[in-house]
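Everything below concerns the one structure shown next.
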Number of protein chains: 2
Amino acid sequence: MTGAGPPAEFSLIARHFRPLAGPGSLDLLDDGALLVPPRGRELVFTADAMVAGVHFLPDDPADTVGAKLLRVNLSDLAAMGATPLAYLMTVSAPRDTGDAWFAAFASGLARDQARFGITLLGGDTTATPGPMTLSLTAIGHIAPGAALRRAGAMAGDDIWVTGTVGDGALGLLALQGKVLDAGGYLAGRYRLPQPRLGLALHGVVSACMDVSDGLVQDVGHLCRAAGLGAVVEAALVPRSPAALAAGPAWLATCLTGGDDYELVMAVPPGRAGLLMAAASAGNCAVTRIGRFEAGSQVRVLDASGATVHLDRPGWSHF
Amino acid sequence: MTGAGPPAEFSLIARHFRPLAGPGSLDLLDDGALLVPPRGRELVFTADAMVAGVHFLPDDPADTVGAKLLRVNLSDLAAMGATPLAYLMTVSAPRDTGDAWFAAFASGLARDQARFGITLLGGDTTATPGPMTLSLTAIGHIAPGAALRRAGAMAGDDIWVTGTVGDGALGLLALQGKVLDAGGYLAGRYRLPQPRLGLALHGVVSACMDVSDGLVQDVGHLCRAAGLGAVVEAALVPRSPAALAAGPAWLATCLTGGDDYELVMAVPPGRAGLLMAAASAGNCAVTRIGRFEAGSQVRVLDASGATVHLDRPGWSHF
């Protein structure tokens, strides 16, 4: 005979994750979740994993870890022009993870669920002998045919980015004590990226992606998708006051460091006004940083037109 | 200036995972995937993670690791009565993972994609300083209102299971040298569970779930969902010839060990014929192993009616 109380794994899920569960989740009590797709919409899917010590610091506050996990995926939805709908999440946690960690992790998710209009649909919680490893699949929806794509840039299109570039990479260095960050702004940008959801970019941009692995490398992705080259004018790349205060030696880090979660876009010059109107309506800065051209290389030039040397264009896990 | 060749992470994805990519995946080249939901169907979602050393053995053949990752999720779709459609996957791999491992892993996925009618929609590949950690989100579809649920068992319903129980748990012990497994049957069942897809169970079962964490514990889930107790008759629980050959000392392991990925169902006695017809059409054995009753306990009885002692009802990660 065995008692009918749930084992610890299931009470942990009930305590921390069930309050996050939304429509279709069946309260996380079934083998799967049910979703009635919004009528007349396409669905957009993206999945990103985060590993402690790779994508976040083991001692980052757990609420920001939860929020970052959600936001890096929301940034992918933003890059497609989609509206958030629901997400599934798997958590592989060291056995000694305390209840307080799970509570804080869930509180960060709860706050961002309300902020971004998304709810938990399902998932799995397992133990791991390794570092905390998180995986999230985000589901969004979009009008048929309206998805923004990486392919589509034309020679002569300008390159634009949202927000500022380099804060995330510098924030990680700041948390490691390698960069001054008196106000904690850079660390905050590393821990809590800002997904650029809600910008009306369909019909405005000819290509779009989010900058997650380094600006220059990600511009290279847009180039490869279009069979083009590009010029990035380093002096035009928008950097925050905190990033500029870190000093000129960090320019290359800002251009290649990753963890920006800004959007980089190809925009025909004639649509610059439309872009600025869309950005203004979304309360988001946009800056022109270069242009696409014939070729197959990403050239990074300084204000004098000289090539800026970069050891690598961006981040690669392998 | 930086070359336009993709970094190693992206060529790895192109080499091994792009061949798995199906409709809507956009060849894994965009920030997200697009899915036009099948008209008039509900979507079913499930997500499961697998960690080397926890859910599979680090030296398990990589093709079976890929297949198992897919199959444990397909088993959840089967438990809901859903038809497979697509999946997203995140792979967090040690940096020294060889190309041959990825190739074999992908080959196991490719074989099962063809077998079960599902394709890759998207995902993410990252490095980890820890063990190989895999996460998969499976998407299925189903007629509106036809999903099988865990809640719904009635007192007097019989408990039925598909296939045989205990092989997976014994297979793990066999691979650890603790159980004899001359023909390798048990190890095969641990490495390659058989998702019970395609059984026409809607209108036949009053509750259903898959057995992944131990039969007795999972019957307990059906009991809690219905506010009932249950009797499991240990002598009726179907065991394979290989499991029986392991010896009577392993009965408790079979009842509580997990990794079965069989379905356990509540079936009104009057629908036993319908169940057997559905199982026969799906080329799947089903066996009656007990019944639901008033109460809140799962009682496990031997052939003489005496209680079978179990140290624990099943597996819990925490």
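Scanning the range A:245-259 for residues that are in a loop (DSSP other than H, G, I, E, B), more than 18 Å from the chain's Cα centre (by Cα) and not aliphatic (A, V, I, L, M) returns a single hit, A:GLY247.
With respect to (1) crowded, with 18+ Cβ neighbours inside 10 Å; (2) more than 14 Å from chain B (Cβ to nearest Cβ); (3) of a type outside the set (Val, Ile, Thr), the lone exception for A:LEU180 is condition (1).
Residue-level check: of (1) under 21 Å from A:MET50 (Cβ atoms); (2) within 14 Å of chain B (Cβ to nearest Cβ); (3) assigned to a helix (DSSP H, G or I), A:ARG196 misses just (3).
Taking the criterion of being at the interface with another protein chain (Cβ under 8 Å from one of its Cβ atoms) and more than 16 Å from B:THR137 (Cβ to Cβ), the only residue of the range A:81-92 that qualifies is A:ALA82. Of all residues in the range A:36-65, those satisfying the criterion of being among the acidic types (Asp, Glu) and more than 7 Å from chain B (Cβ to nearest Cβ) are A:ASP59, A:ASP60, A:ASP63.
The strands (runs of 3 or more DSSP E) found wholly in the range B:261-301 and carrying at least 1 residues that are within 14 Å of chain A (Cβ to nearest Cβ), more than 20 Å from the chain's Cα centre (by Cα) and modelled with pLDDT of 95 or more occupy B:286-293, B:298-301. Considering only residues in the range B:6-26 that are touching a Leu at 6+ places or on another chain (Cβ under 7 Å) and either at pLDDT below 90 or part of a loop (DSSP other than H, G, I, E, B) (or both), the one that is farthest from the other protein chains (Cβ to nearest Cβ) turns out to be B:GLY22.
Picking from residues in the range A:302-318 that are within 12 Å of chain B (Cβ to nearest Cβ), over 21 Å from the mean Cα position of the chain (by Cα) and not charged (D, E, K, R), the one that is surrounded by the most Cβ atoms within 10 Å (Cβ to Cβ) is A:LEU310. Consider the range B:146-159 and keep the residues that are surrounded by fewer than 24 Cβ atoms within 10 Å (Cβ to Cβ) and not charged (D, E, K, R). The one that is nearest to the other protein chains (Cβ to nearest Cβ) is B:ALA147. B:GLY227 fulfils the conditions (1) within 30 Å of B:TYR185 (Cα to Cα); (2) more than 9 Å from chain A (Cβ to nearest Cβ); (3) more than 17 Å from the chain's Cα centre (by Cα) except for a single criterion, (1). Condition check: closer than 30 Å to A:TRP315 by Cα, surrounded by fewer than 18 Cβ atoms within 10 Å (Cβ to Cβ) and under 24 Å from the mean Cα position of the chain (by Cα). Does A:ASP63 satisfy that? No, not satisfied.
Can you find even one residue in the range B:97-105 that is more than 11 Å from chain A (Cβ to nearest Cβ) and in contact with an Asp or Glu (Cβ under 6 Å, 6 or more places away or on another chain)? Checked against the condition, which is being more than 11 Å from chain A (Cβ to nearest Cβ) and in contact with an Asp or Glu (Cβ under 6 Å, 6 or more places away or on another chain), the range B:97-105 yields at least one hit. All but one of (1) out of contact with any strand residue (DSSP E or B) (no Cβ under 7 Å at 6 or more places or on another chain); (2) basic (Lys, Arg); (3) surrounded by 17 or more Cβ atoms within 10 Å (Cβ to Cβ) hold for B:ARG291; state the number of the condition that does not hold. Status for B:ARG291: all satisfied but (1). On the stretch given as the range B:210-244, residues that are part of a helix (DSSP H, G or I) and either of a type outside the set (D, E, K, R) or crowded, with 24+ Cβ neighbours inside 10 Å (or both) total 18. Is it fair to say A:ALA78 is touching an Asp or Glu at 6+ places or on another chain (Cβ under 7 Å) and within 14 Å of another protein chain (Cβ to nearest Cβ)? So A:ALA78 passes the test. Out of B:VAL44, B:VAL54, one residue alone is assigned to a loop (DSSP other than H, G, I, E, B) and of a type in the set (A, V, I, L, M, F, W, C). It is B:VAL54. For the range B:122-145, the set of residues classified as outside any strand (DSSP E or B) and more than 7 Å from chain A (Cβ to nearest Cβ) consists of B:MET132, B:ALA143, B:PRO144, B:GLY145, listed by residue number.
The values are calculated or read from the model by the stated rules, or taken from the named source; none is laboratory data. Keep in mind the model is a prediction, meaning the values are calculated, not measured. Cβ atoms come from the backbone with ideal geometry, glycine included; neighbour counts cover every protein chain shown.
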